[in-house]
1. In what order do Val208, Val159, Val236 fall by count of nearby beta-carbon atoms within 10 Å, going from fewest to most?
2. With r defined as the distance between the Cβ atoms of Thr134 and Ala248 and R0 fixed at 30 Å, what FRET efficiency is calculated, to the nearest 0.05?
3. Which of the peptides 105-111, 60-66 is most tightly packed, and how do the rest follow, judged by the mean count of other Cβ atoms within 10 Å per residue?
4. Could you pull out every one of the lysines with an alpha carbon less than 26 Å from that of Lys82, ignoring same-chain neighbours closer than 8 positions?
5. Under a 5 Å amide H to amide H cut-off, with H placed in plane at 1.01 Å, what residues pair with Ala342 once short-range neighbours are removed?
6. Which of the residue pairs Lys148/Lys345; Lys51/Lys148; Lys65/Lys152 have a Cα-Cα distance greater than 20 Å in the structure shown?
7. Note the angle between two axes, namely the Cα long axis of helix 389-401 and the longest principal axis of the Cα atoms of the chain, as a number of degrees from 0 to 90, rounded to the nearest 10.
8. Give me the Å³ per residue figure for the convex hull around the C-alpha atoms of the chain.
Amino acid sequence: MPTDAPETPARPAEDAATPRDGAVRETRASGIRSTKPRQVRPKTEGWQQQKGPDGRPLLQFASPKRGKPPAHLADLAAEEWKARAEELGVPAFRLKQVARHWFTRWTSDPAEMTDLPAAGRDELVAGLLPPLLTEVRRLETDRGDTIKFLWKLHDGALVESVLMRYPGRITLCVSSQAGCGMNCPFCATGQAGLTRNMSAAEILAQVVEANRVIASGALHGKRADDGTPERVSNIVFMGMGEPLANYARLMRAVRTMAAPAPEGLGMSARNITVSTVGLVPAIRKLADEHVPVTFALSLHAPDDGLRDELIPVNSRWKVDEALDAAREYFEKTGRRVSIEYALIKDMNDHGWRADLLAEKLNERGRGWVHVNPIPLNPTPGSIWTASEVDVQQEFVRRLTEAGIPTTIRDTRGKEIDGACGQLVVTEEDERAAAATR
Ligand code: SF4
């Protein structure tokens, strides 16, 4: 197994209670000094992290230049529709009609758009709603309550989305990039680097396709109270990619999700969660957008000593900077921030780290944040495996006792590699995609 992470990284000031000799002294909660021997350092398993000229894990912020996806109506803001209608030589209201079909009936089939004149209908629809996603495969688990989709984009790039039914809501985990340039050592998606940014319409098409699939009877084919087919109610940007590294297209997609029909999907912005590993300038920009999305920071470690290795972008923006930006998000939007924290056995699940996290959150105020510890999927023999249940409980107890609302998050889709950090295109997927026209 190749290993890239240094065994003895520089010891940060706030990590002073944690000797790098492997012993972790517990002093914070109980006042009793005890010694815990295990401190597992992050290392890749079975793959080599790409390094930059400075010897650090390579970070790719810019999308490699590839052919652009076909221009789609959903790439445009509604204010731009008039100009597009003029280009196409049709009245502006025709675009509204087409948009209504796509955003509310989830169809791009001209034969179903009988309110459009038959003459020129096929050409108009082809120009506005070119196909963006081809379904390569679909995997179901959780007794049909979770479905993972593998999609092929126009240039052959592969991305995934995961649809999950929960009591009272249907959540879609969407991808925002093909691959990812953030190079996190635990993450299947990041291994191959960033293939390219997805367009706004490609991001939105994942939701439209999911709604179409639900309407056709998937997820048990239930109906809403008013008899209409159920649809996706919640979006989480936790699929492939770092959404804030694809900022303009992310925002176009988010605004369209939240826009009422026919200009968008009519979803509640509050039900859209944008998650990041901590691109601080983009977090600040997001806070100024006046779109009240839920913001989630994937922190996974409260100390730079560990987070530098666990989340390579921490070399750019440190834990305190990311937390300051998260706090600013709360101040500007009034929306409580979520801190995501994957609990990894003997790596980041120590009691003193729960205390340090609580300390750092509390020193920025009360009532602004919520912590979601996520037990990693059990992987026998791997350094990336789930914390013991009693360790999870102790982690939660310490945070809760310090006044931090904390809820262990459900990790759906374990059986189909659809949980966070697991979305990856395999050789088998590539073969299936090659067989898809
Ligand atoms: S964990 Fe997220 S940010 Fe890190 S490489 Fe994977 S997809 Fe990218």
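1. The most exposed by this proxy come first: Val236, Val208, Val159.
2. Efficiency computed from Cβ-Cβ geometry: 0.75.
3. Most protected by this proxy first, the peptides run 105-111, 60-66.
4. Counting by Cα, and skipping residues close in sequence, Lys82 has these lysines nearby: Lys68, Lys96.
5. His300, Ile374
6. From the list (Lys148/Lys345; Lys51/Lys148; Lys65/Lys152), the Cα-Cα distance tops 20 Å for Lys148/Lys345; Lys51/Lys148.
7. 90 degrees
8. Dividing the Cα hull volume of the chain by its residues yields 151 Å³.
FYI, it's all coordinate maths here, none of it is from the lab. Please read all numbers here as calculations on a predicted model, not as lab measurements. Positions of Cβ are generated from backbone atoms using ideal geometry, with glycine treated the same way; all protein chains shown enter the neighbour counts.
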